[in-house]
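Structure first, then comments.
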Amino acid sequence: MANTDSFIDEVSEEVRRDRLYALMRRWGWIPILVVIAIVGGAAYIEWQSAQQRAQAEAFGDALLQALDGDDTEARIAALEAVEVPSAEAGIILALLTAGEAANGEDRADAATRLRAAADAPGVARRYVDLALLKAEMLDPAPEAEARATLEALAAPGAPYSALAEEQLALMEVRAGDLDAGLDRLRAIERSAAATAGLQQRAGQLIVALESGAILVDAPAEEAPVEEAPADEALTEEAPAVEASAEENAEGATVPVEDGAADASTEGAAEEN
């Protein structure tokens, strides 16, 4: 009886072994293929990352070399010759080129470059919004078009909604709708999306406008800060608000430098 059981066990073990070998011969290539795919995929991802890193380094080196030019026109020409590896790199290049054009007093050309870069396909929204916002600040489009653009940029959840609201407030004040402009500025003061600097600037503009000051465009090359008359509630710290001591409270002017919000725009870009 014991010999019979041992014989049956040996036969059963042999049958199971044969079945296992048959399965291995039939399906054994699948786990091998999976291992090869995992190793190959990891190698490809690493190679792709190395390629992208090399392209980014080459792009950055080309930008630094282009910005070492002696004058504005030379830097613009060198930037235009830089090869763009991706859509996002293209809009970064456009922002730098537009900045050089603006420094060269060609603000219209700078705005045109920014709007063209914003229309490029495959660009992240934060870069598109930044380009459009800076374009409106450098060289505003006709009022209706500018308002439509800024209202789209000021939509809830947009990357630079608070800065777009500030530009809309200034537009409304210039158009003579002081109440609407003040309402927007007060909303900026309470907005969680606004930076501390933007909230402070909005508060200073509110104080200036409620005191009877008038917005005027300050020269782009300089923005002197003169002491305001004692009866005007203007704070000395306001970077974007200036009052002329030669005019009274009713006729006081408040120059708002076009580039006053550039620093906030760049800060917001870093935060996003």
Members of segment 114-148 found to be in contact with a Pro (Cβ under 8 Å, 6 or more places away or on another chain) and of a type in the set (Val, Ile, Thr), listed by number
none
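Here is a yes/no grid of residues against (1) among the hydrophobic types (A, V, I, L, M, F, W, C); (2) within 23 Å of Ala141 (Cα to Cα):
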| site | (1), (2) |
| --- | --- |
| Asp61 | no, no |
| Ala74 | yes, no |
| Glu88 | no, no |
| Ile91 | yes, yes |
| Ala94 | yes, yes |
| Glu105 | no, yes |
| Ala111 | yes, yes |
Within segment 106-133, work out how many residues are farther than 19 Å from Leu185 by Cβ, under 15 Å from the mean Cα position of the chain (by Cα) and either modelled with pLDDT of 90 or more or outside any loop (DSSP other than H, G, I, E, B) (or both).
12
Under the condition of being within 16 Å of Gln204 (Cβ to Cβ) and small (Gly, Ala, Ser), which residue from segment 161-178 is farthest from the chain's Cα centre (by Cα)?
Ala169
Which one of the conditions (1) surrounded by 11 or more Cβ atoms within 10 Å (Cβ to Cβ); (2) without any contact (Cβ under 8 Å) to a residue 24 or more places away in the chain; (3) not polar (S, T, N, Q) does Ala89 fail to meet, given that it meets all the rest?
(2)
Please pick out the residue among Glu172, Glu136, Glu151 that is in a helix (DSSP H, G or I) and either on the phi > 0 side of the Ramachandran plot or in contact with a Ser or Thr (Cβ under 7 Å, 6 or more places away or on another chain) (or both).
Glu136
Among all residue pairs at least 6 apart or on different chains, which show Cβ distances below 6 Å where the first residue, located in segment 114-125, is closer than 16 Å to Ala141 by Cβ and the second is surrounded by fewer than 19 Cβ atoms within 10 Å (Cβ to Cβ) and modelled with pLDDT of 85 or more?
Ala118/Val128
Report every pair of residues separated by at least 6 positions or lying on different chains whose Cβ atoms are under 7 Å apart, first residue within segment 189-210 and closer than 26 Å to Gly176 by Cβ, second hydroxyl-bearing (Ser, Thr, Tyr) and assigned to a helix (DSSP H, G or I).
Leu198/Ser264
Would you be able to say whether some residue in segment 57-75 is of a type in the set (Gly, Ala, Ser), closer than 30 Å to Leu153 by Cα and either exposed (fewer than 11 other Cβ atoms within 10 Å of the Cβ) or modelled with pLDDT of 85 or more (or both)?
yes
Filter result for the condition that a residue is in the same structural domain as Leu133 (by TED's automatic domain parsing) and either closer than 28 Å to Arg125 by Cα or of a type in the set (D, E, K, R) (or both), over Ala74, Ala62:
Ala62
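The values are calculated or read from the model by the stated rules, or taken from the named source; none is laboratory data. From a predicted model like this one, the values you see are computed outputs, not experimental measurements. Positions of Cβ are backbone-derived with ideal geometry, glycine not excepted, and every protein chain shown enters the neighbour counts.
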